[in-house]
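One structure below.
The values are calculated or read from the model by the stated rules, or taken from the named source; none is laboratory data. Quantities reported herein were computed from a predicted structural model and do not represent experimental measurements. Cβ placement follows ideal geometry from the backbone for every residue including glycine, while neighbour counts extend to all protein chains displayed.
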Amino acid sequence: MPPDTTVTEWADGNRRLSSENSAEAGQWRTARTPYLAEIMDAFTEPAVHKIVVVASSQVGKTEALLNMLGYVIDIDPGPVMWVTPTNDNAEDFSKRRLAPAIRDCKPLKRKVATAKGRSAANTTLKKRFPGGMLTMTGSNSPANLASVPARYVFGDEIDRWAKDAGGEGNPAGLLEARTATFYNSKIVMVSTPTTRGSSTIEVEYMQGTQEYWSAACPHCGEYRFITFDNIRFEHERITEGSHERFIIGDIAYCCPACGCLSTEKQMRDAEHKWIAKNPDAATSGTRSFWINAFLSPWMSWEHIIRRFLEAGDDPSKLKTVFNTLFGQLWEERGDIADVDELAEAREDYEAELPDGVLCLTCGVDTQDNRLEYEVVGHGLFEETWGIQRGVIWGRPDTPDSERLPNVWSQLDDVIDRQWQYKDGQTLKISLTFVDSGGHHTQDVYRECAKRLGKRVFAIKGKGGEGVPFTPSKPSKQEATLLDARGRSRNVTVWLYVLGVDAGKEKIMSALTVQTPGARYCHFPTDKARGYDAAFFDGLTSERMVLNSSEKWVWKKVSRHKRNEALDCRNYALAAFSALNPDMAKLERARRGATDQPVKKARRRRVSKGFEV
């Protein structure tokens, strides 16, 4: 081949995929994974010295690296370092991926001899070829990292590398030093993303061109990187004994620009191109790329969605889905922010309702001399917005008077209010949960019975491990109402029992998320909305502690005065969980999208007594 051959041209002409590692064994075709062409050909750009690739699983990233390595051995030889997290990983790569690749590629088979023993020129971790030597090692081997000069460095899964190579320092830094004597050096760093704030690949990516493989919307032509936040779907959970499965349908992509829906096939057939957020970084010689499983020809969107649903609320399983499928960094659920940090993160809302809000619920805590409430806005993937926090002073058992309406009439003003978006559209509260504990149980039952048409329900919190947060089917309770003539009659009240401890865990977990998006909690700066220091003090008022019986229980922290803010948020989230609305449908209605998914829902869903 001529010396100006690109990696893509070399691979299309010479590379064969091995049956041991590919479901599509045979001749390599870059057209099958067009997003890899630009990445591979950046390797032969003279001005590019570093290539950074953030990639989920099943997108062909390892094959792309093998194509670059094959090009080096066959076209432009020199000393090569291939670094994996550990020596065991390096040995596994050599035997399972590299050996078949060399065996099935004629130019490489002619130039790389078979490993014949420790004393031979070629061993499992060392491969000699005309003009160069390939050394494979783990990031935890300081002797190899610090002593072998290399023109080419391939770093695989760098987010899983050792943080310190045997006391010699950061492995990535040691490797860059090995290339210093080569004016034409190339460093390729690849990894599945891990945790935000501790991800090496994230840092390297941000220093490059920050390119995303973007698809053109079939409706408006806007190019966007497809992420899970843009995927809409219907699903139904089927429980069979101790097992559960999911029926998934109506899968579509929702364009962030125009709100129109497109099928998976339409998006795969759409025009694609790499779009750089930081193109000026190319002048410094670093190109960086980000790809995820939504691009993979071997991974259906239904499979990705199913894996997400199966992960449930298990943080370790969700982290795997976020990293390996969504291709997203995970927000570590560590200690929650303190009161000052939460207050500093407050935002200026452009209207009563921020654009991401699709549903409103209200949680009400009952005290002897007041009602406290919070109205919470819910968006996609458990993102929430604090809308209004308030206190209504007065005894819950006090009737209306000509001089002053009672607390329940004042609560009606909140429940009946039409909350407004910037564009003038409005939204009402869909469901309100009122705490019936304490000294006013019958008063709460009576007032909730009056407001059944407004979807106001009594709840009772139940603590303890294993009590589910999502309320089960409500139970019937009796309450006594007086008519205008003072005659009493019994009415049925529906009471929900919810797992308050599980709800507190969800709240505290969400408060640790640092980036707007899935599970993030937004709070407003407007003082009239009630999100002051006292609110955040109450929201963070409880922690898990080990009691005398060596059981973990929730307990109020001594320095915090009140916990009503935490309770109200808990009840509002439980109301949303019980309602279980079709968020994709709500978003379509909000954006006024005219395009509907191709498939119809296979069966109507009924959730906790509410048809949705």
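Some observations on this one:
- Flag if residue 350 is of a type outside the set (Lys, Arg), touching a residue at least 40 places away in the same chain (Cβ under 8 Å) and in contact with a strand residue (DSSP E or B) (Cβ under 6 Å, 6 or more places away or on another chain): no
- The listed residue being of a type in the set (Ser, Thr, Tyr), in contact with a His (Cβ under 8 Å, 6 or more places away or on another chain) and assigned by TED's automatic domain parsing to the domain that holds residue 507, out of 426, 432, 398, 384: 384
- Qualifying residue in the range 394-412 (condition: surrounded by 20 or more Cβ atoms within 10 Å (Cβ to Cβ) and in a strand (DSSP E or B)): no
- Flag for residue 52 being part of a strand (DSSP E or B) and either polar (S, T, N, Q) or buried (at least 23 other Cβ atoms within 10 Å of the Cβ) (or both): yes
- Close contacts from the range 580-599, counting a first residue that is modelled with pLDDT of 85 or more and a second that is part of a helix (DSSP H, G or I), with Cβ to Cβ under 8 Å and a gap of 6+ residues or different chains, come to 583/380; 587/380.
- Residue that is surrounded by the most Cβ atoms within 10 Å (Cβ to Cβ) [pool: residues in the range 195-211 that are closer than 20 Å to residue 321 by Cβ and of a type outside the set (D, E, K, R)]: 201
- Test set (1) among the acidic types (Asp, Glu); (2) within 30 Å of residue 45 (Cα to Cα); (3) surrounded by 18 or more Cβ atoms within 10 Å (Cβ to Cβ) - residue 269 fails condition number: (3)
- Residues in the range 21-47 that are of a type in the set (A, V, I, L, M), surrounded by 20 or more Cβ atoms within 10 Å (Cβ to Cβ) and touching a residue at least 40 places away in the same chain (Cβ under 8 Å): 2 in all.
- When residue 406 is tested against (1) touching a residue at least 24 places away in the same chain (Cβ under 8 Å); (2) over 36 Å from the mean Cα position of the chain (by Cα), exactly one condition is not met: (1).
- Selection over the range 263-300 of residues that are in contact with a strand residue (DSSP E or B) (Cβ under 7 Å, 6 or more places away or on another chain) and within 17 Å of residue 188 (Cα to Cα) gives a count of 7.
- Sole exception among (1) out of contact with any strand residue (DSSP E or B) (no Cβ under 9 Å at 6 or more places or on another chain); (2) surrounded by 20 or more Cβ atoms within 10 Å (Cβ to Cβ) for residue 317, by number: (2)
- Elements of type helices (runs of 4 or more DSSP H) in the range 241-342, at least 2 residues being closer than 30 Å to residue 502 by Cα: 301-311, 315-324
- Of the residues making up the range 63-74, one or more are buried (at least 19 other Cβ atoms within 10 Å of the Cβ), touching a Pro at 6+ places or on another chain (Cβ under 8 Å) and acidic (Asp, Glu).
- For the range 229-251, filtered to residues that are closer than 13 Å to residue 294 by Cβ and touching a Gly at 6+ places or on another chain (Cβ under 9 Å), the residue that is surrounded by the most Cβ atoms within 10 Å (Cβ to Cβ) is 233.
- Residue satisfying all of: in the range 25-47; modelled with pLDDT under 95 and among the hydrophobic types (A, V, I, L, M, F, W, C); nearest to residue 288 (Cα to Cα) among these: 47
- Some residue of the range 385-401 being under 27 Å from residue 507 (Cα atoms) and hydroxyl-bearing (Ser, Thr, Tyr): no
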